[in-house]
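> Below is a structure I'd like to ask you about.
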Amino acid sequence: MDQLRTDDPKSADFTLSDDPFGLFASWMKDAEAAEPEDPNAMALATAGSDGLPDVRMVLLKGVDARGFVFYTNTQSTKGEELAQNPQAALVLHWKSLRRQVRARGPITPVTAEEADAYFQSRRRESRLGAIASQQSRPLADRATLMSAVADLSERYGEGPIPRPEHWTGFRIAPVTLEFWQNGDFRLHDRVRFTRAGDGWSRARLYP
């Protein structure tokens, strides 16, 4: 059975929505109820100065009308690519719902206050790991990493663990947002929103 079919009189036609972020919020709510793990997992694509695309899974940690937020080590491969080419694309795929959302646009750093607040909301072990990990660099063995975490744990004890300056968040401000839902016989439903001044233009797309 298709989910939210446009030819089902009991279902709303999502392709007629005028509010892409409202539609995203509705779909994310559905995903949080349906997906068994990490409904906020998204593929993030970047490219450095060489233009060669790179992609990996990250977690969406915030979304509002300004865009989609994720966090990373700025000294990692993705951080270096974003410094060279501050734009990115993302896709969230919810297999259980047979839906996906794509977005792409320029990248801007979140504020220090936003990064501090999110960093302090993480589990203590995750904060220690963010400091200990020299992300994307060669690692001799796992014992080396765990030893670094243990040393930091002893150093900070039960006290506060400060956010390292090279760990922060980025916001993708989409210039396009596309919603896709599976249909029988590959007759899918797609709608693309394109930034138009302070608003959005909308176009239904062939599958």
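> Pull up region 140-178, narrow it to residues that are of a type in the set (Val, Ile, Thr) and more than 22 Å from the chain's Cα centre (by Cα), then point me to the one that is surrounded by the fewest Cβ atoms within 10 Å (Cβ to Cβ).
Per the stated criteria, the residue is THR144.
> Do you know which residues across region 60-74 are free of Cβ contacts under 8 Å to residues at least 60 places away in the same chain and either in contact with a Ser or Thr (Cβ under 6 Å, 6 or more places away or on another chain) or open to solvent by 40 Å² or more (accessible area, probe 1.4 Å) (or both)?
VAL63, ASP64, ALA65
> Which is surrounded by fewer than 16 Cβ atoms within 10 Å (Cβ to Cβ) and modelled with pLDDT under 95, of ASP54, ASP38, ASP50?
After ruling out the rest, the residue left standing is ASP50.
> Name every residue in region 75-106 that is buried (at least 18 other Cβ atoms within 10 Å of the Cβ) and part of a strand (DSSP E or B), in order of residue number.
ALA88, ALA89, LEU90, LEU92, TRP94, ARG99, GLN100, VAL101, ARG102, ALA103, GLY105
> Taking region 58-91, which residues are of a type in the set (Val, Ile, Thr) and within 25 Å of THR194 (Cβ to Cβ)?
Passing the criteria: VAL58, VAL63, VAL69, VAL91.
> Taking the condition polar (S, T, N, Q), free of Cβ contacts under 8 Å to residues at least 40 places away in the same chain and assigned to a strand (DSSP E or B), does THR144 pass?
Answer is no for this residue.
Residue by residue, here is whether (1) open to solvent by 80 Å² or more (accessible area, probe 1.4 Å); (2) closer than 27 Å to GLN87 by Cα; (3) at pLDDT 95 or above; (4) not in a helix (DSSP H, G or I) holds:
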| position | (1), (2), (3), (4) |
| --- | --- |
| THR108 | no, yes, yes, yes |
| GLU113 | yes, yes, yes, no |
| ASP116 | no, yes, yes, no |
| PHE119 | no, yes, yes, no |
| ALA130 | no, yes, no, no |
| GLN135 | no, yes, no, yes |
| PRO138 | yes, yes, no, yes |
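> Which of the residues that make up region 147-173 are farther than 28 Å from VAL69 by Cβ and part of a loop (DSSP other than H, G, I, E, B)?
Within region 147-173, GLY157, GLU158 qualify.
The values are calculated or read from the model by the stated rules, or taken from the named source; none is laboratory data. What you are looking at is a predicted structure, and each value in this text was computed from that prediction instead of being measured. Glycine gets a Cβ as well: all are built from the backbone with ideal geometry, and neighbour counts include every protein chain shown. Ligands, DNA and RNA are excluded from the accessible area calculation, which covers all protein heavy atoms including side chains. Shrake-Rupley method; radii C 1.70, N 1.55, O 1.52, S 1.80 Å.
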